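Take a look at the structure below.
The values are calculated or read from the model by the stated rules, or taken from the named source; none is laboratory data. Nothing here was measured: the structure is a model prediction, and the numbers come from that model. With ideal geometry, Cβ positions are generated from the backbone for all residues, glycine too; neighbour counts draw on all protein chains shown. Ligands, DNA and RNA are stripped out before the accessible areas are found, and what is left, the full protein with its side chains, is counted by its heavy atoms. Shrake-Rupley method; radii C 1.70, N 1.55, O 1.52, S 1.80 Å.
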Amino acid sequence: MNKILENLRYAKTHEWVDYMSDTTARVGISDFAQHELGDIVFINLPEVGDTVTAGEAFGDVESVKAVSDILSPVTGVVTAVNQEILDQPETINENPYDSWFIEVKEISAEADLMTAAEYEEFCGKEAH
């Protein structure tokens, strides 16, 4: 069963956004994404101070199956990188919603984000 949290927004590329304020958010990948990827073994993330752009790759996840780009759901400046997932990428599989990737501030744009209900419906169509 695909776990979806009500308080987050979701991109069609399966990243989630947790708005901490109007212009600051944390970004990670959804439960659906980690299931599709399989066991995650390595992750590449940007540096603090880097700019990320909505719809463009900011890093990648390497699993036993493949390497997949992570697309930013927002445009802004990276203010924090989750060091824990760099050291222990398997935590993304264990709890994808506690395993945020980056924190972004000065958000000036966002991808077309879905509510939890919209995302659940979207995942249902993707799974078939």
### Task
Identify, from the list P46, P89, P73, the residue that is open to solvent by less than 40 Å² (accessible area, probe 1.4 Å), over 27 Å from E6 (Cβ atoms) and modelled with pLDDT of 95 or more.
P46
### Message
Just the residues that are farther than 27 Å from T51 by Cβ, of a type in the set (A, V, I, L, M, F, W, C) and in a helix (DSSP H, G or I), please, taken from the range 82-128.
### Response
A116, A117, F122, C123
### Query
Given the conditions (1) hydrophobic (A, V, I, L, M, F, W, C); (2) in contact with a Lys or Arg (Cβ under 9 Å, 6 or more places away or on another chain); (3) not in a loop (DSSP other than H, G, I, E, B), and given that I70 satisfies all but one, which numbered condition is not satisfied?
(2)
### Query
L5 is checked against (1) open to solvent by 30 Å² or more (accessible area, probe 1.4 Å); (2) of a type outside the set (S, T, Y); (3) part of a strand (DSSP E or B); (4) in contact (Cβ under 8 Å) with a residue 60 or more places away in the chain and fails just one. What number does that condition carry?
(3)
### Summary
Result of the Cβ filter at 8 Å on the range 97-118, keeping first residues that are modelled with pLDDT of 95 or more and partners that are part of a loop (DSSP other than H, G, I, E, B) and acidic (D, E), at least 6 apart or interchain, is I107/D22; A116/E6
